[in-house]
Amino acid sequence: MAHNKAFLDVAVSVCPYCGTPYADASWYVIELGSDVECGMCGRTWNPKTFKVDRILLEFVLDDDGNVLEVIKEKHVE
């Protein structure tokens, strides 16, 4: 039986003030360049400037759309 797949482009960044790592949808922080507020220290910063990695995640889904598995597909530049 073939499974459905969904994909998510994720940017990983680190708060420059307290070092807390974050994973956000790349379209939001890289493409739009949106600022975020750190949940630990409360300061606002731009993840695009402090990006440490960007990866494509593949979600393998069952027939009802439930996630069966998550695979790190590839690094995105």
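Nearest 20 debye, what's the magnitude of the dipole of segment 4-75 about its Cα centre given +1 on Lys and Arg Cβ and -1 on Asp and Glu Cβ?
Numbers: 7 positive and 12 negative charges, 97 e Å.
For segment 4-75, the charge dipole is close to 460 debye.
Relative contact order, percent, of segment 4-75 when contacts are C-alpha pairs under 8 Å separated by at least 6 residues?
34
Project the alpha carbons of the chain onto their principal axes and report the range along each, largest first, in whole Å.
Over the chain, Cα extents along the principal axes are 48, 25, 19 Å.
Exactly which trypsin sites (Lys or Arg not before Pro) in the chain are in a DSSP loop and have at most 15 other Cβ atoms within 10 Å?
Details: sites: 5, 43, 48, 51, 54, 72, 74; in loops: 43, 48.
Those satisfying the criteria are 43.
Near residue 51, which aspartates and glutamates are there with a Cα under 19 Å away, not counting those fewer than 8 places off in the same chain?
9, 24, 31, 35, 37, 73, 77
Throughout, read-outs are computed from the coordinates displayed, never taken from laboratory work. Everything quoted here is computed from the prediction, not taken from an experiment. Glycine also receives a Cβ, built like all others from the backbone with ideal geometry; neighbour counts cover every protein chain displayed.
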